[in-house]
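Everything on this sheet refers to the single structure shown next.
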Amino acid sequence: MACRQSLPKHEMLRLVVDGDGLIWPDLLQKAPGRGVYHCMSEACLVRMNDKRLQALKAHFKIILPQYSALLLRIESVLQQQLARMCSLQRACAAIGRDAVMHRLWNNAPLLLLRAADAGDALVRQIDDGLGKRAAAGCRSELVDVASRQWLGELFGRDDVAVVVLDAAGAAASTAERLRKYCVWHGRIQIVTMRNGHESKVSG
Ligand SMILES: [Zn+2]
């Protein structure tokens, strides 16, 4: 969809059409039937709209309009999947500043989720820690996520500024999926916010 770029399937979001003509995200890429793939880049998400969904009518029986509802469905599926994955990771994750700063000293590859409102001091502290890890040749992935409240909900707390997850060995593929879903979720929120703003402006 949108850019017609060809990428490995697992890097894209699969969408399937149900019997009622509704388009659904198929995160695990296991739902039966034919699917279409979306690269989930911010540019392509911005370009997706009901007019563009029209093109799918050549291959599927779909009802229109449903673009805004589709964005909400994707957001909600990502949210559910992230909640499930994070609750499984809760026991082995480093949650909150002190636990995270301690974990940064460990050389093993890791995934760091940082809230956009983590605060300047903590952002600097983490950037500094990640810089030192990079200089020592340690692999770290950083994703900036919506808010402390959002991150807190995923990990069963009121408020969490930062989390570190293990990305070594067997945990690597889970960390990669978690990273991808967080990035996609962030982009959907940006696009949804932008659309909401535009419809307000245009009245
Ligand atoms: Zn694209």
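The values are calculated or read from the model by the stated rules, or taken from the named source; none is laboratory data. Quantities reported herein were computed from a predicted structural model and do not represent experimental measurements. Methodologically, a virtual Cβ is constructed for each residue, glycine included, from the backbone with ideal geometry; neighbour enumeration extends over all protein chains shown. With ligands, DNA and RNA removed, areas are computed over all heavy atoms of the protein, side chains included. Shrake-Rupley method; radii C 1.70, N 1.55, O 1.52, S 1.80 Å.
Take the residues in the range 69-80 that are out of contact with any helix residue (DSSP H, G or I) (no Cβ under 9 Å at 6 or more places or on another chain) and among the hydrophobic types (A, V, I, L, M, F, W, C); name whichever of them is nearest to the ligand (Cβ to nearest atom). If we take residues in the range 69-80 being out of contact with any helix residue (DSSP H, G or I) (no Cβ under 9 Å at 6 or more places or on another chain) and among the hydrophobic types (A, V, I, L, M, F, W, C), then VAL77 is nearest to the ligand (Cβ to nearest atom).
If the condition is being more than 20 Å from the chain's Cα centre (by Cα) and charged (D, E, K, R), then the range 1-28 contributes ARG4, ASP18, ASP20.
Scanning the range 138-157 for residues that are surrounded by fewer than 16 Cβ atoms within 10 Å (Cβ to Cβ) and among the charged types (D, E, K, R) yields ARG139, ASP144, ARG157.
Identification of strands (runs of 3 or more DSSP E) wholly contained in the range 10-68 with 3 or more residues that are surrounded by fewer than 17 Cβ atoms within 10 Å (Cβ to Cβ) and within 15 Å of the ligand (Cβ to nearest atom) yields no element.
Of all residues in the range 117-130, those being hydrophobic (A, V, I, L, M, F, W, C) and exposed (fewer than 13 other Cβ atoms within 10 Å of the Cβ) number 1. When we screen ARG114, ARG133, ARG179 for residues that are surrounded by 15 or more Cβ atoms within 10 Å (Cβ to Cβ) and part of a strand (DSSP E or B), the only hit is ARG114. Here LEU45 clears all of (1) touching a Leu at 6+ places or on another chain (Cβ under 6 Å); (2) touching a residue at least 40 places away in the same chain (Cβ under 8 Å) except the condition numbered (1). No other residue among VAL160, VAL164 is among the hydrophobic types (A, V, I, L, M, F, W, C), open to solvent by less than 50 Å² (accessible area, probe 1.4 Å), farther than 27 Å from ASP26 by Cβ and assigned to a strand (DSSP E or B) apart from VAL164.
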